[in-house]
Amino acid sequence: MGSDSPERLNEGGRAVLAVEGLAVELGRRRVLEGVDLGVAAGELVTLVGPNGAGKTTLLRAALGLVKPVAGRVSVAGRDPAAGRAAVGYVPQRHEFAWDFPIAVADAVMTGLVGKLGLGRRPGRAEWQAVADALARVELAELADRPVGQLSGGQRQRVLVARALAPSPALLLADEPFTGLDLPTQGVLSALFRGLAREGRAVLMTTHDLLAALDGSDRLALLNRTLVAVGTPAELAARPQAWTEAFEVGPDSPLLRALAGAAATGTAAGAAVAV
């Protein structure tokens, strides 16, 4: 079984997100058990695992939306509820009401509601933050377009911009590449890597193994508990960890793809969704 120190140091910095011995139950069913994970400023960590592995639940625990039955989670050294202002969250695309009559810029502004507080109207600084976030995701020219008229890729970038508007220390992204074409995936992959290089901590989930192997500083294989944590190169060379995490046999296409990646030293051989 793999583990990761929640106080892991990265270039001299303490973890922005620290998960220690986390256990979560949903409907009296234990969905996470004994999870230890640290995500430091300046790194992009990707959670990979089968459906039902607890990836989204782990993100929700980091947001303070689910209460652990054991262990703890801290964000920038604080309880998730207290540290919520330091977190930007990119939900799965279907979780947003795209038929609501709202413009792109207004949708991104909703990401600043927590900082504005009730009753306070956005000012010049807030609208500049919205403009900056839209520029980062290459949607500045669509600021006034109704969100209902956007393509799937554009909608995903709106959600990323909304998460970036408050300039969070930690960015959580739940399946950000699902249903996107390759050019849009490339834009978002480059953006997430850039945010990490700027000093943010980034934790995302994905079923896209190619994106995970190619763009992450570390991978965390999750199946209710952490099976293994390491760099893409380290884990590509550990087929047993993937067998345990995904509960597949030795003839699985997943393992053949990983063998190709390990042999070449790149993710080129691992273009497979899991």
Query raised in the report: In region 105-199, how does Rg compare with the Kirkwood Rh, expressed as the Rg/Rh ratio over alpha carbon atoms?
Result: 0.96
Report summary line: Of 133, 81, 173, the most mobile residue in a GNM of the chain (C-alpha springs, cutoff 10 Å) is 81
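Output the direction-averaged projected area (hull surface divided by four) of the convex hull of the alpha-carbon atoms of region 13-66, in nm². Kindly include the intermediate steps, with their values, before the conclusion.
On the way: hull surface 15.9 nm².
The orientation-averaged projected area of the Cα hull of region 13-66 comes to 4.0 nm².
Counting other C-beta atoms within 10 Å, and keeping those with at most 13, which DSSP coil GluC sites (Glu not before Pro) do you find in region 167-256? Working shown, then result.
Details: sites: 198, 234, 244, 247; in loops: 198, 247.
Sites meeting the loop and neighbour criteria: 198, 247.
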Report task. Run the 1.4 Å probe and let me know the accessible area of residue 216, rounded to the nearest 10 Å². Result -> 10 Å²
Query - Largest-first principal axis extents, alpha carbons of the chain, Å - result: 56, 40, 39
Query - For region 48-152, the Rg and Dmax computed from alpha carbons only, in angstrom - result: 16.3, 47
Requested in this report: Provide the descending list of Cα extents for region 141-253 along its principal axes, expressed in whole angstroms.
Outcome: 52, 30, 24
Query raised in the report: Along its principal axes, what span do the Cα atoms of region 19-98 show, with the longest given first and each in whole Å?
Result: 34, 30, 23
Query raised in the report: So if we plug the beta-carbon distance of residue 103 and residue 193 into 1/(1 + (r/R0)^6) with R0 = 30 Å, what FRET efficiency do we get, rounded to 0.05?
Result: 0.55
Query raised in the report: Can you give me the relative contact order of the chain as a percent, contacts being Cα pairs under 8 Å and 6 or more apart?
Result: 23 percent
Query - Label point distance in nm, residue 110-residue 244, each placed 7 Å from Cα along Cα→Cβ - result: 4.1 nm
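Using only the alpha carbon atoms of region 178-240, find the Kirkwood hydrodynamic radius as the inverse mean reciprocal pair distance, in angstroms to one decimal. Each step should come with its number before you reach the end.
Details: mean 1/r = 0.0785 Å⁻¹.
12.7 Å is the Kirkwood radius here.
Given the DSSP H assignment, sum -39500 (n - 2.57) over each helix run of at least 4 residues in the chain and divide by its residue total; what's the result at 222 nm in deg cm²/dmol, nearest 500? Walk me through the numbers on the way to the answer.
Numbers: 10 runs with 92 residues, N = 274.
Mean residue ellipticity at 222 nm (helix-derived): -9500 deg cm²/dmol.
The values are calculated or read from the model by the stated rules, or taken from the named source; none is laboratory data. Every value quoted in this text rests on a predicted model; they were computed, and no experiment measured them. FYI the Cβ positions are ideal-geometry reconstructions off the backbone, even for glycines, and counts take in every protein chain you see. Quick note on the areas: whole protein, heavy atoms, side chains included, nothing else; ligands and nucleic acids left out. Shrake-Rupley method; radii C 1.70, N 1.55, O 1.52, S 1.80 Å.
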